[in-house]
């Protein structure tokens, strides 16, 4: 196993900025259609559409002679963590938790990245990385409390927050596995093949979760789909943007700079979410948004310096 050097260039930073922006849009859209489709079914349909869209570019990977299938166990784990679990848990968390709680618990991503790397991938956690994690989390807290620290005292953990913790751990493990160089270089160089190999197994997991949802296993009392143009448009967005484009950019970024640095970019999601929500709701951004952005960027810079 080997992990790529931690080199943050402007091009790599741009790659890692795109996924948080698209995932912020995913959170906004997910809240907008929460009453139109069950959460686990939303995740399954999202990835089923993404699979269909990607198939013309990567249909050859489904053949028995594909070199990727020699590592099918690796893809089965990636599909479980990145496609099956992460977004399913986030969509499910919003059924029982508030957006502020979900974002607050998800702000632990850099810490999870550092812990997973240290415990399972023999990575050394440096003081500057811990300092960067603290700065980044501080920036997220500024967004969550809207500049009023007393608002954090009203936060109470519920079952949905536990789901977010599990989702964050899943994504951290997924990101570290992306940095492992198991497959031949020529096999991983084709991003469409690499992603669809994960989606084949991810669809199996997400379909199983959706089936459990409709059977009443998740405890949701009203499991139904309200079809219409708003739902169709939302499904197209989450299939193309947060799924295909974001995962493509995230995979490249993690392989180029390493999971420790990439993990800090995830904390830009609350900032982008606040901005997109302001645009959708017509609310102007506040000064604390700029302060939070500066703190999160500061955390990225501190953690990635030589």
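Per-structure values
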| item | result |
| --- | --- |
| Some residue of region 115-125 being in a helix (DSSP H, G or I) and surrounded by 21 or more Cβ atoms within 10 Å (Cβ to Cβ) | yes |
| Residue that is in a helix (DSSP H, G or I), touching a helix residue (DSSP H, G or I) at 6+ places or on another chain (Cβ under 7 Å) and surrounded by 22 or more Cβ atoms within 10 Å (Cβ to Cβ), where the choices are 22, 49, 80 | 22 |
| Pairs, first at positive phi in region 238-260, second buried (at least 20 other Cβ atoms within 10 Å of the Cβ) and not in a helix (DSSP H, G or I), C-beta under 7 Å, six or more apart | 258/179 |
| Which listed residue is at negative phi, in contact with a helix residue (DSSP H, G or I) (Cβ under 6 Å, 6 or more places away or on another chain), assigned to a loop (DSSP other than H, G, I, E, B) and touching a residue at least 24 places away in the same chain (Cβ under 8 Å), from 90, 42, 36 | 36 |
| Wholly within region 251-306, helices (runs of 4 or more DSSP H) carrying at least 3 residues that are farther than 19 Å from residue 171 by Cβ and at pLDDT below 75 | 269-281, 287-304 |
| Filter pass, residue 162 being part of a helix (DSSP H, G or I), surrounded by 14 or more Cβ atoms within 10 Å (Cβ to Cβ) and at pLDDT below 70 | no |
| Conditions (1) part of a helix (DSSP H, G or I); (2) surrounded by fewer than 20 Cβ atoms within 10 Å (Cβ to Cβ); number of the one not met by residue 96 | (1) |
| Near pairs, Cβ below 7 angstrom, 6+ apart or cross-chain, from region 95-119 (at negative phi) to any residue that is at pLDDT below 70 and assigned to a helix (DSSP H, G or I) | 100/144; 103/144; 104/144 |
| Flag for residue 30 being closer than 30 Å to residue 223 by Cβ, modelled with pLDDT under 85 and under 16 Å from the mean Cα position of the chain (by Cα) | yes |
| Residue in region 215-235 that is nearest to residue 64 (Cα to Cα), counting only those that are assigned to a helix (DSSP H, G or I) and in contact with a helix residue (DSSP H, G or I) (Cβ under 7 Å, 6 or more places away or on another chain) | 235 |
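Table: residues versus (1) more than 16 Å from residue 69 (Cα to Cα); (2) outside any loop (DSSP other than H, G, I, E, B); (3) under 20 Å from the mean Cα position of the chain (by Cα); (4) at pLDDT below 85.
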{"site": "147", "(1), (2), (3), (4)": "yes, no, no, yes"}
{"site": "153", "(1), (2), (3), (4)": "yes, yes, no, yes"}
{"site": "181", "(1), (2), (3), (4)": "no, no, no, yes"}
{"site": "200", "(1), (2), (3), (4)": "no, yes, yes, no"}
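The values are calculated or read from the model by the stated rules, or taken from the named source; none is laboratory data. Source: prediction; values computed, not measured. We place every Cβ from the backbone using ideal geometry, glycine too, and count neighbours over all the protein chains shown.
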